[in-house]
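The values are calculated or read from the model by the stated rules, or taken from the named source; none is laboratory data. Keep in mind that this is a model prediction, so the values were computed, not measured. Quick reminder, even Gly has a Cβ in these numbers, built from the backbone with ideal geometry, and neighbours come from all protein chains shown.
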Amino acid sequence: MTEALLGTVFQNLQSLVQDQLATYWGVDQQIQKLSSNLTAIRAVLTDADRKQITSHAVKDWLQKLTDAAYVLDDILDECSLQSKKVHSGDGRSSCLARVHPKDILFRFHIGKRMKDITQRFHDINEERRMFELRDGITEKQARNDDDDWRQTISVITEPIFCGRDQDREKIVKFLMEDASKSEDLSIYAIVGMGGLGKTTLAKQVFHDHMICKHFDLTIWVYVSVDFNVEAILQSILEHVIGQNPNLHTLEAMGKKVEEVLKSKRYLLVLDDVWNEEEKCANLKGVLQCARGAKGSTVLVTTRLQEVVSTMETDGAYHLKELSGEDSWSLFKSHAFGPKREEREELVTIGKEIVKKCVGSPLAIKTLGSLLRNKSEVTQWENVKESEIWDLQEKNSSMTVKENSIMRVLKVSYFNLELSLRRCFSFCAIFPKGFEIDKEDLIHLWMANGFIKSEGSVEVEEVGNNVWRKLYHRSFFQEEKSDEIGMIRSCKMHDLFHDLAKSIAGEECVIIEKGRSIQLPARAHHFLVLGHHIPVLNYYVSVEIAAAFKKVESLRTFLDFGYTRQLPSNHYLRALRTRSSSLSPLNDLAHLRYLSVHSRSVASSLNSIQMPPNIGKLRHLRTLSTFVVGSKAGCGLAELHNLNLGGKLGIVGLENVPNEWDAKEANLIDKKDLNILHLSWSPSTNSEGSNVNIERVLEALQPPSTLKCFGMKGYQGRQLSSWMRNGAVLRDLVEVILLDCDNCEELPPLGKLRHLKRLEVARIKNVKWIDGESYDGVEEKAFPSLEYLWVKNLPKLERMLREERVEMLPRLFELTINGVMNLKFPRLPSVEELLAEDIDEAASFMEGVVENMPCLKTLHIRMIKGVVVLPDQLSGLGALQVLDIEYWYNLECFSEHVLEGLSSLKSLSISSCEKLKSLSEGVRHLTCLESLSIEYCPELLTLASNMTQLTGLRTVIIRHCGFTSLPDRLGDMTSLKKLEICDCYALRLSPSNIQSLSNVSSLTIVRCPYLNGCLREIF
């Protein structure tokens, strides 16, 4: 992390050298001295980074260096800001600016700070000489120095093998069956984070007796970070012919390998492979030329998903964490052994310790072995309460080596590029288990200068690439995607979080309610959890306030609680606050990221009081919400010079006085914006206002780079010209249009090639979604749309004005709410339909449902009309889930309809007050697994032939008028769960209940006539 930071600082220092103002400010000599010291220090950083693992002194030196680097970076950022003011004039001529009193004061201030920081780096460089650090050590050399302890052999060294039997069987099955059918060389990968036991599992497979019989040759090669093709080929030859072949060229080795493997069925295990694309391809080429016998296979173990792609594997086995039960078994075997007494108090603590290991066999073995000879409760408690990285193994001291868990995980860390290391260790700012918003994380990286644009690649795309690399290396997991398939959030594995904390040290601090608060001077990034943190309210103690002032360079402050008063720090780069009001931001000129949230979800965004003059934050790159105010310094002109990216929501547009003020927002030049939401207050009276809302919207034209656009509360009749311009909207993936009551038409949404998600609601005059004309046989409307949500559009009749072309070929999910007259053509791709608030069931079924033959899930709520389930449903042969709620007139299910629902797995019926019968057609639901009926007071019993449903596993009946159940319910051997609640008239005989012998979960609540039966039985 230190090396990456110093690299950034060094670049910024060189930029200042080229600015003539450096001479004017009198700091040019300090810059030369700093450059000299930084060059000497950077030369030994790779060696120092490794040695800090075993030396507290080196670790402390690196922390001093990091602290100083943050301060220098602040000074250089201040110089950059001042330089921009001078060169831009800032309201006065450039030459006069240099003699302005404020600039003379700045010259004095910056000169003193540069002198102090120069001396500080001089002292750090002098201290460096004490540690005999080697200069010029490359990352590759450092990795090779550390590699000996990781080397593996095929011999099974782990006598205890818990929880991996199924994993081994599945891999053996692939090698014995799938791979054996292939004429070509098969490649299979075991993928997982460090410490999951990939090598141990591969050894078990390697020595499996069936594998040994199946293959003519089994070869084990340890690869590691340096993917050396010659060394791998030499290992293969030594294994097969029993001696070093003494061949000195890759060509000769390749020919010899082809010779010894030809016509033999072999298993080659390549253990611990890292991503070397070209070298992997070379090795694969040699092995393919060897023409081994049918079924020959390469089994690879790797931490990287990229290796799977690079080696073009035939499959990958993603190794998961051990289950809780298997984790405990493994821990017991190491902590207690076969003879030691398992004392109850130690078992209780031990199970808590196992939770810390989150299913990692390495962590479990390490901590279990650590406790093997410890019998005192306090000793076990100490391990439970300690951080993973602080634990020492037997025969180990902190001056000798760290424990095996951190050592293994750090291999992954040290194989990251420098920029990725810094991005990863920053994640220590989040608590364990925290759901990290991906976009916010990338913006925080940007704000702190961890990532920058690379050539023509924009900085946000660089951030996405960094995130993907960390994800594919297992640093991130449990990713969540939105409806259009874009990853929105992720979590960190607990052990990787421990690794991040051990690397970040005191740089990242989490302040939690109820915990003692330590504010180390070395902290640079803070996150606040919980509500009303007393430490940060108006009554904050003098001691705590002083502690915050001691923080030398506060860069990040993320408030996920409710902090009444923000810490004052001039150099803050990223700020997230839930404060309802912010103090003036004049002292936050370095801010790049500002996220303002209301105190509660229920609060209106309009209630957020934005600080005035936000435009003075020249470095600001992310602003999630901007509330337009009527006071000076709160208008859209504040956005003019801000180079904002990511997401921007502009709220309170009713306060914009005219179109010229709107144009001052300069949205069109904000090329880094991905998401833009425009919002007018619903209370706006457009007719009584002198403001031309249509011209205001026209002036808010965004850049053509937008991916998502939303608009709410617009009261104009006509849309702006840019909203009808396909070139402006061309890259949109998501469009949301809400409460635009007076609009008579919508943009040409059907022509947007990338549009995947569309939400349109509460627009009273729209008759069709797209009124454009379509020419040509091959043109399709809404070619990429996957999700469509339409609500309260009373006049909507169809998607297109002229439906002469194919439309919606990819539509997957459709939601219709309060739209009465809408009709669709045939839509074979729709699999999920939610229909709500429909007045006429018959026309809805004809115009919508019958045109979706591949529907798998149908939710119907609040619908009127027809007393018998409509015939159109009988055509839904693919339907698996049918959920009916508040079908007010429905009385019965026809046998004809049920006969057509041959794939139905789940049937849920609720609040159908007139429903009297499901009919004997229930017997046709041969795939039914779950039946739920609630709040149907007229339904007195189930169909008698329901017992023929051999796949039914769950039956739930609540608040119904049932008087009986089918007599032979106990004959249903598949039934596992039966729940009956609030059925006051239901009677069953004791024998009927006793026959439910296969039911593993039986719940009967508030059924008075059944209570006697239960007492009689039990």
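Filter region 859-881 for residues that are surrounded by fewer than 22 Cβ atoms within 10 Å (Cβ to Cβ) and among the hydrophobic types (A, V, I, L, M, F, W, C) and give the result. 862, 866, 867, 868, 878, 881, listed by residue number.
For every residue, the table says whether it meets (1) touching a His at 6+ places or on another chain (Cβ under 8 Å); (2) over 19 Å from residue 185 (Cα atoms); (3) of a type in the set (Ser, Thr, Tyr); (4) surrounded by fewer than 20 Cβ atoms within 10 Å (Cβ to Cβ).
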| residue | (1), (2), (3), (4) |
| --- | --- |
| 214 | no, no, no, yes |
| 257 | no, no, no, no |
| 262 | no, no, no, yes |
| 287 | no, no, no, no |
| 299 | no, no, no, no |
| 312 | no, no, no, yes |
| 318 | no, yes, no, yes |
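Within region 977-994, restricting attention to residues that are surrounded by fewer than 17 Cβ atoms within 10 Å (Cβ to Cβ) and in a loop (DSSP other than H, G, I, E, B), the residue that is farthest from the chain's Cα centre (by Cα) is 989.
Residues in region 176-208 that are closer than 30 Å to residue 357 by Cα and in a helix (DSSP H, G or I): 9 in all. Cβ separations smaller than 9 Å between residues 6+ apart or across chains give the following pairs from region 149-173 residues that are under 16 Å from residue 359 (Cα atoms) and of a type in the set (Val, Ile, Thr) to residues that are modelled with pLDDT of 75 or more and assigned to a helix (DSSP H, G or I): 160/329; 160/330; 160/333; 160/334; 160/365.
Suppose the filter is surrounded by 14 or more Cβ atoms within 10 Å (Cβ to Cβ), of a type in the set (A, V, I, L, M, F, W, C), farther than 30 Å from residue 470 by Cβ and modelled with pLDDT of 90 or more; does residue 267 pass it? Yes; evaluated as a whole, the condition is true for this residue. Tallying residues that are touching an Asp or Glu at 6+ places or on another chain (Cβ under 7 Å), over 26 Å from residue 621 (Cα atoms) and not acidic (Asp, Glu) within region 449-498 yields 1. Residue under question is residue 171, and the condition is that it be in the same structural domain as residue 287 (by TED's automatic domain parsing), outside any loop (DSSP other than H, G, I, E, B) and in contact with a Lys or Arg (Cβ under 9 Å, 6 or more places away or on another chain); does it hold? Answer is no for this residue. Across region 748-797, what is the number of residues that are in a loop (DSSP other than H, G, I, E, B), within 14 Å of residue 732 (Cβ to Cβ) and of a type outside the set (Phe, Trp, Tyr)? Going through region 748-797 one residue at a time, the tally reaches 10. The listed residues are 385, 352, 376, 381, and the only one of them that is of a type in the set (D, E, K, R) and more than 35 Å from the chain's Cα centre (by Cα) turns out to be 376.
Anything in region 344-358 that is at pLDDT below 85 and on the phi < 0 side of the Ramachandran plot? List them, or say none. Residues satisfying the conditions are 356, 357. Filtering region 455-470 to residues that are assigned to a helix (DSSP H, G or I) and small (Gly, Ala, Ser) leaves only 463. The set of residues from region 200-234 being polar (S, T, N, Q), touching a strand residue (DSSP E or B) at 6+ places or on another chain (Cβ under 9 Å) and modelled with pLDDT of 90 or more comprises just one member, 218. Residues in region 885-906 that are aliphatic (A, V, I, L, M) and surrounded by fewer than 22 Cβ atoms within 10 Å (Cβ to Cβ): 1 in all. The residues listed here are 500, 523; of these, the one that is out of contact with any His (no Cβ under 7 Å at 6 or more places or on another chain), at pLDDT 75 or above, in a loop (DSSP other than H, G, I, E, B) and within 28 Å of residue 405 (Cα to Cα) is 523. Of note, residue 250 satisfies the criterion of being touching a helix residue (DSSP H, G or I) at 6+ places or on another chain (Cβ under 7 Å) and loosely packed, with under 14 Cβ neighbours inside 10 Å.
Screening residue 390 on (1) buried (at least 18 other Cβ atoms within 10 Å of the Cβ); (2) at pLDDT below 75 shows it passes everything except condition (1). Counting only strands (runs of 3 or more DSSP E) that sit completely within region 209-324, those holding 3 or more residues that are in contact with a Phe, Trp or Tyr (Cβ under 6 Å, 6 or more places away or on another chain) and closer than 26 Å to residue 163 by Cβ correspond to 266-273.
Residue selection: residue 990 fails the criterion of being out of contact with any strand residue (DSSP E or B) (no Cβ under 9 Å at 6 or more places or on another chain) and at pLDDT 90 or above.
Scanning region 903-927 for residues that are touching a helix residue (DSSP H, G or I) at 6+ places or on another chain (Cβ under 7 Å) and farther than 16 Å from residue 891 by Cα turns up 923, 924, 925. Here is the figure for region 325-343: residues that are part of a loop (DSSP other than H, G, I, E, B) and on the phi < 0 side of the Ramachandran plot total 7. In region 763-788, the residues that are surrounded by 17 or more Cβ atoms within 10 Å (Cβ to Cβ) form Cβ pairs under 9 Å with partners that are hydroxyl-bearing (Ser, Thr, Tyr), at six or more places apart or across chains, as follows: 780/774; 781/774; 786/829; 787/815; 788/815. Note on region 47-66: among residues that are out of contact with any Asp or Glu (no Cβ under 6 Å at 6 or more places or on another chain) and either over 22 Å from residue 123 (Cβ atoms) or charged (D, E, K, R) (or both), the one that is surrounded by the most Cβ atoms within 10 Å (Cβ to Cβ) is 49.
Residues in region 856-881 that are under 13 Å from residue 815 (Cβ atoms) and in contact with a helix residue (DSSP H, G or I) (Cβ under 9 Å, 6 or more places away or on another chain): 858, 860. Looking only at residues in region 928-959 that are within 23 Å of residue 891 (Cβ to Cβ) and in contact with a helix residue (DSSP H, G or I) (Cβ under 6 Å, 6 or more places away or on another chain), the one that is surrounded by the fewest Cβ atoms within 10 Å (Cβ to Cβ) is 945.
With the structure loaded, tell me whether residue 578 is among the basic types (Lys, Arg), modelled with pLDDT of 85 or more and either crowded, with 20+ Cβ neighbours inside 10 Å or closer than 18 Å to residue 441 by Cα (or both) or whether it fails that test. Here the answer is no, as residue 578 does not meet what is asked.
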